[in-house]
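What follows is a set of notes on a single structure, which appears directly below.
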Amino acid sequence: MTAQELKAAAKGFGADLVGIASIDVLRDLPREINPLAIHSRARSVIVLGRKVLRGALRGYEQGNELDNAYPEFGLFSLEDNFLAKTTYDVSIWMERHGFEAVPLFAYEVDKQPVGVPVAPDKPAPNVILQYRLLAQAAGLGETGLNGLFLTPEFGPRQRFAMLVS
C-alpha cells in the first residue's frame with residue numbers, strides 16, 4: 001500500500017484531510033505522548049480530518065441558534081459519528097491490506113494519567129497523543145497564536161482523529 005492509495009481510500013471514506021507523519025520524526029517524544037508507547041512497532045501516524053460545516057457556525061455568528069447546528073454538526077456528531085465512522089472504515093481498509101492501525105480520537109492532552117505503569121519502563125496509562133503536534137508533523141497545518149490548529153483548506157474548522165500504524 002502506498003501513501004497515495006491510503007490517502008485516496010481515506011478520502012473515499014469521507015476524510016477531508018489526510019496526512020501521514022513518519023515515526024522517525026516522533027520517536028523522541030516523551031513516552032506519555034509518544035505513539036510508540038501505544039504501538040511499539042508503529043511506522044507512522046495517519047491523521048484524518050473532517051471539516052466543520054460552514055453553515056454549522058451561522059447560528060453562533062447571528063446569535064440566534066446556539067443549540068443545534070454547531071454542537072451536532074461541528075462538534076459532537078461530527079466527532080462521535082462522522083469522523084469515528086471514517087476512522088473505523090480506514091482502519092478496516094488497512095487491515096484488509098495487511099496493516100494494523102490503532103484508531104484514536106484527538107483528545108486534549110491536559111488529562112491526568114490513569115492508573116500505574118504496567119512495567120518500570122512504561123508510562124502511566126493513559127497515553128494521550130498531542131493531535132496538534134501530529135497533524136503538523138503530518139503536514140496538515142500548524143497551531144496558531146490562538147491555540148487552534150489551522151489548515152490552509154479550512155482555517156480552524158476541522159476535527160481530527162489518528163491511526164497509529
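The values are calculated or read from the model by the stated rules, or taken from the named source; none is laboratory data. Remember, it's a predicted structure, so these values are computed and weren't measured experimentally. Positions of Cβ are generated from backbone atoms using ideal geometry, with glycine treated the same way; all protein chains shown enter the neighbour counts. When the accessible area is computed, the model is the full protein with side chains, heavy atoms only, and any ligands, DNA or RNA have been set aside. Shrake-Rupley method; radii C 1.70, N 1.55, O 1.52, S 1.80 Å.
Comparing Glu142, Glu100, Glu65 in a Gaussian network model of the chain (Cα springs below 10 Å), the most mobile by mean-square fluctuation is Glu65.
A Stokes-Einstein calculation at 37 °C with viscosity 0.692 mPa s, built on the Kirkwood radius of the stretch 104-165 over Cα pairs, returns a diffusion coefficient of 249 µm²/s. Taken along the Cα-to-beta-carbon direction at a fixed 7 Å, the label points for Gln4 and His97 span 1.3 nm.
Using the Cβ atoms and a cut-off under 13 Å, what net charge is assigned to the surroundings of Lys11, where Lys and Arg are +1 and Asp and Glu are -1?
Details: positive: Lys7, Arg50, Lys51; negative: Glu5, Asp16, Asp89, Glu153.
Every neighbour counted, the sum reads -1.
Apply 1/(1 + (r/R0)^6) to the Cβ-Cβ distance of Ser40 and Glu72, taking R0 = 41 Å, and write down the FRET efficiency to the nearest 0.05. With R0 = 41 Å, the Cβ-Cβ based efficiency is 0.60.
Extension gain Tyr107-Lys85, at 0.36 nm per residue separation less the Cα-Cα distance, in nm? Don't skip to the end; give the middle numbers.
On the way: separation 22, 0.36 × 22 = 7.92 nm, distance 1.67 nm.
This chain segment gains 6.2 nm when fully extended.
Comparing Val90, Val116, Val25 in a Gaussian network model of the chain where C-alpha atoms under 10 Å apart are linked, the largest mean-square fluctuation is found at Val116.
Gain in length, Asn146 to Glu61, computed as 0.36 nm per residue apart minus the alpha-carbon separation, to one decimal in nm?
Full extension of this stretch gives 28.7 nm more.
What the stretch 62-165 shows is 60 Å² of accessible area per residue, with the surface traced by a 1.4 Å probe over protein heavy atoms.
What is the percent carbon and sulfur in the accessible area of the chain, measuring with a 1.4 Å probe over the protein chains and ignoring ligands?
On the way: 5030 of 9480 Å².
For the chain, the apolar C and S fraction of the accessible surface comes to 53 percent.
Here are a few candidate values for volume of the Cα convex hull per residue in Å³: (1) 129; (2) 118; (3) 175. Which one was actually calculated from the structure I just gave you? This structure yields the entry labelled (1). Determine the distance separating the Cα centre of the stretch 131-165 from the Cα centre of the stretch 7-26; give it in Å without decimals. So the two Cα centres are separated by 12 Å.
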